[in-house]
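Right, one structure below, let's go through it.
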Amino acid sequence: WDAVDFIAFETVPLRREITAIRNAVAQLQEAVGASKMKPWWISTVHPNGHYPEMRPGGGWVSTSEVVGTVLNGEGATVGASVSPWAFGINCTSLENLPALLEEAEGAARGFAERYGRRPWLAMYPNRGDVYIPETQSWKKMGREGELWARDFGDVVAETTKSGVWEGIVVGGCCKTGPDEIAGLKRHLA
């Protein structure tokens, strides 16, 4: 346990899974003690610019509903006593981040007002390549290396201006590699 720095639950596509994770973390926190609990987050996935879960009767579950479930424990039996350190978005196309983050900010502000602390944001988008299931291969979309790093760095800079998040943890998901991460580091420096 002492060797663990953070705990990340990634690519979560359903609110009931978020609730199950929160309930499991509550049991973990009880076992290790609240003072020894590690910072943790739930990272959600938003293919095509929206959360993949549908509401009963139709319509996509909104990003603000997802953030509310992650941060506030809506639907969890443990409530907000076991709040994650951060809300995350991963395995999502870079071009979808600005709209998703704009919607997420309202729920993050509500969390800060309710609990007196701002959450962190963890985001690590895809490089932008498209997976072709029929051929089980990736089609490059021309956003690699420095271009991806610059575009993502711009999203990070804009998100930082909102003042909603305590801080931002960044990285890359599908098809990002050392060139993209090195470029992101240079751009953010």
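The values are calculated or read from the model by the stated rules, or taken from the named source; none is laboratory data. As the structure is a computational prediction, the values presented were derived from the model and not from experiment. Methodologically, a virtual Cβ is constructed for each residue, glycine included, from the backbone with ideal geometry; neighbour enumeration extends over all protein chains shown. Protein only, heavy atoms only, side chains kept; ligands, DNA and RNA dropped before computing areas. Shrake-Rupley method; radii C 1.70, N 1.55, O 1.52, S 1.80 Å.
Odds and ends about this structure:
- Placed amide H near THR176: partners under 5 Å, 5+ positions off or other chain: ARG127
- In order through region 121-132: 3J(HN,Hα) via Karplus (6.51 cos²θ - 1.76 cosθ + 1.60), integer Hz, x for Gly, Pro: 10, 10, 9, 8, x, 5, 6, x, 5, 10, 7, 9
- Residue with peak Gaussian network fluctuation, the chain [Cα springs, cutoff 10 Å], from GLU144, GLU30, GLU166: GLU30
- Rg(Cα)/(2.2 N^0.38 Å) for region 110-166, N = residue count: 1.62
- Normalised contact order of region 88-135, rounded percent, pairs of Cα under 8 Å and 6 or more residues apart: 57
- Farthest toward the positive end of the dipole of the chain, out of PRO98, PHE9, MET123, is the Cα of PHE9, where the dipole comes from beta carbon charges about the Cα centre.
- Over the chain: helical MRE at 222 nm, DSSP H runs n ≥ 4 each giving -39500 (n - 2.57), nearest 500: -13000 deg cm²/dmol
- Highest-fluctuation residue, GLY116, GLY153, GLY172 considered, GNM on the chain with Cα pairs under 10 Å: GLY116
- Relative contact order computed over region 98-189 (Cα-Cα under 8 Å; 6+ residues apart), in percent: 36
- Close amide H partners of VAL169, meaning residues 5 or more places away or on another chain with modelled amide H under 5 Å apart, are LEU121, ALA122, MET123.
- Modelled spin labels at PHE6 and LYS38, positioned 7 Å past Cα toward Cβ, are 1.2 nm from each other.
- Taking every protein chain into account, the 1.4 Å probe leaves ASP154 with about 80 Å² of accessible area, to the nearest ten.
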